[in-house]
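Participant: The structure's right below; bear with me while I get my questions together.
The values are calculated or read from the model by the stated rules, or taken from the named source; none is laboratory data. Source: prediction; values computed, not measured. Reconstructed Cβ throughout: ideal geometry from the backbone, glycine too, with neighbour counts over all protein chains shown.
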Ligand code: PEP
Ligand code: MN
């Protein structure tokens, strides 16, 4: 694939929970030809008592599995400078999540120390187009070329949507107009498994640069974001 037609589809569980769980996902990603996998070891959680991610143990597993899955590339969220330092040599894509979109010191640190393939910047669920692009500007003015930035639309908090979130395609289209690569996260953008694939399909039809989809070997057992997790079988069917 040349860079013009490259799709940045990203699949994987909300959080990495065990070696077996992540490896089951990697096998499927390899089979369906999706090369970017969610390899999330640090989880920003609303409640401090919720699972916070496998952290260092997860990083050890990711390093261990890398030679076995040479075609896969890890997408890892960082919430702090320390997370970045631990993942800079492990992740192909550094993810900055919705909650950290305006963590300006983190944006500056990532830009100053960046040596990865891409940085993925999600729009905060209450942030405007202008704020999103201004955060991207922090990355650019810190030295990251624009073509190494992938913007990810993950939905807005909504008073009217029954799931509490509305996927905001207008923000995504305007980010594309501004010359960025843009992908659609239809998992966090819908919050319910039954809506994830229809909206991913819409995103592909609208010619975005890719989709992010959360999938789990056993969705009912997913430790985080269980309601939006789709099965690996459904994921496989979709990419066929
Ligand atoms: C995620 O993708 O793991 C995540 C936490 O999403 P968001 O930042 O969009 O809530
Ligand atoms: Mn999630």
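Participant: Among helices (runs of 4 or more DSSP H) lying entirely in the stretch 12-99, which contain 2 or more residues that are within 16 Å of ligand 2 (Cβ to nearest atom) and modelled with pLDDT of 95 or more?
Facilitator: Values: elements: 19-32, 55-65, 81-87.
Fully inside the stretch 12-99 and qualifying: 19-32.
Participant: Could you pull out every one of the helices (runs of 4 or more DSSP H) wholly within the stretch 148-240 that has 3 or more residues that are more than 17 Å from residue 96 (Cα to Cα) and within 16 Å of ligand 1 (Cβ to nearest atom)?
Facilitator: 193-205
Participant: For the stretch 73-85, which positions are away from ligand 1 (no atom under 16 Å from the Cβ) and touching a helix residue (DSSP H, G or I) at 6+ places or on another chain (Cβ under 6 Å)?
Facilitator: 81
Participant: Tally up the residues in the stretch 194-240 that are more than 18 Å from residue 32 (Cβ to Cβ) and within 14 Å of ligand 2 (Cβ to nearest atom), please.
Facilitator: Adding up the residues that qualify gives 7.
Participant: Can you pull out the residues in the stretch 69-97 that are in contact (Cβ under 8 Å) with a residue 40 or more places away in the chain and more than 17 Å from the chain's Cα centre (by Cα)?
Facilitator: 69, 71
Participant: Another question, if that's okay. Kindly indicate the residue of the stretch 113-131 that is surrounded by 15 or more Cβ atoms within 10 Å (Cβ to Cβ) and more than 16 Å from the chain's Cα centre (by Cα) and also nearest to ligand 2 (Cβ to nearest atom) among those meeting that condition.
Facilitator: Here the residue is 127.
Participant: Could you please let me know if residue 39 is within 16 Å of ligand 1 (Cβ to nearest atom) and under 30 Å from residue 179 (Cβ atoms)?
Facilitator: Taking the combined requirement at face value, the residue satisfies it.
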